[in-house]
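Reviewing the structure listed below.
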Amino acid sequence: MRLVKGHRQLLLLTAAVFALWQTPFVIPLKILIVFFHEVSHAIATVLTGGDVVRLSISADQGGLVLSRGGNRFTTLSAGYLGSLLIGIGLLLAAARSNADRAIMAGCGIVTLVIAGLYVRELFALTFTIGAGVVMLLIARFLGHAANDMVLRVIGLTSVIYVPFDIFSDTIARSELRSDARMLAEEFGGTTIMWGSIWLVISLIVIGWCLRYGLGRSSNIKLR
């Protein structure tokens, strides 16, 4: 009962996201999570000594990163788990800090920088520039509570979307040419094996976040 009371707003937000999951209202958020996925590939590439040539996302929630060099195992593994960590980071930052407007502005600036450096296709460029500008406008003109809520929605959607996406792309439809399938082709094992490993890791990380990261209460204090 204490758990429900301490996180009632987050539980209601989770219920709302699930209720709207198959509606057009959530599609922009899903595409944003795909962007996080591709950004995670790009970050892993750069951190392991490679170069990112191009990053793209599509209206049907697909995406790709073209790169040179880097550690292939790390870059292939980074997509799902990296986007999950970004989502959890945003969720925890919203729930445990008062820097919501600064975090939102930072997200907008990073999104615009990535768009300028790596995005070339029309839809991807329009979406990333639009998302970055909207984030900056929210940070500039809306208050702390509104920025907090938007960060929670983005973070929570990523937390929900990633395990679902892992299961759908690597286990339920293992014939797809997913990150897990490429990992299996290049390093051994099977698509389902790598997908299952990522799914278990994602659920453990989410469990840790819920158990320890959010604290006793994540409710926004309304004034």
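Solvent-accessible area per residue for the chain at a 1.4 Å probe radius, Å²?
Normalised by residue count, the accessible surface of the chain is 52 Å².
Over the chain, what per residue volume does the convex hull of the Cα atoms give, in whole Å³?
127 Å³
Where does the stretch 140-215 land on Rg(C-alpha)/(2.2 N^0.38 Å)?
For the stretch 140-215, the normalised Cα radius of gyration is 1.43.
How much of the accessible area of the stretch 44-162, in percent, comes from carbon and sulfur atoms when a 1.4 Å probe is used?
Carbon and sulfur atoms account for 68 percent of the accessible area of the stretch 44-162.
Hey, rough spin-label estimate for residue 16 and residue 129, points 7 angstrom out along Cα→Cβ, what's it come to in nanometres?
The modelled label-to-label distance comes out at 3.1 nm.
Would you work out the relative contact order for the chain, in percent, from Cα pairs under 8 angstrom that are 6 or more residues apart?
About 24 percent, as a whole number.
As a check on your grasp of the helix formula, calculate [θ] at 222 nm for the chain: sum -39500 (n - 2.57) over DSSP H runs of n ≥ 4, divide by the residue count, round to the nearest 500.
Roughly -23000 deg cm²/dmol at 222 nm, from the helical runs in the chain.
Please list the radius of gyration and Dmax for the stretch 1-125, considering alpha-carbon atoms only, with Å as the unit.
In Å, with Rg to one decimal and Dmax whole: 16.4, 52.
For residue 101, tell me the accessible area in Å² from a 1.4 Å probe, rounded to the nearest 10.
100 Å²
Using a Gaussian network model of the chain whose springs link C-alpha atoms within less than 10 Å, name the residue from 202, 97, 158 with the highest mean-square fluctuation.
Of 202, 97, 158, the Gaussian network model singles out 97 as fluctuating most.
The values are calculated or read from the model by the stated rules, or taken from the named source; none is laboratory data. This is a predicted model, so every value here is computed, not measured. Every residue, glycine among them, receives a Cβ derived from its backbone with ideal geometry; neighbour counts consider all protein chains shown. Only protein heavy atoms, including side chains, enter the accessible area calculation; ligands, DNA and RNA are left aside. Shrake-Rupley method; radii C 1.70, N 1.55, O 1.52, S 1.80 Å.
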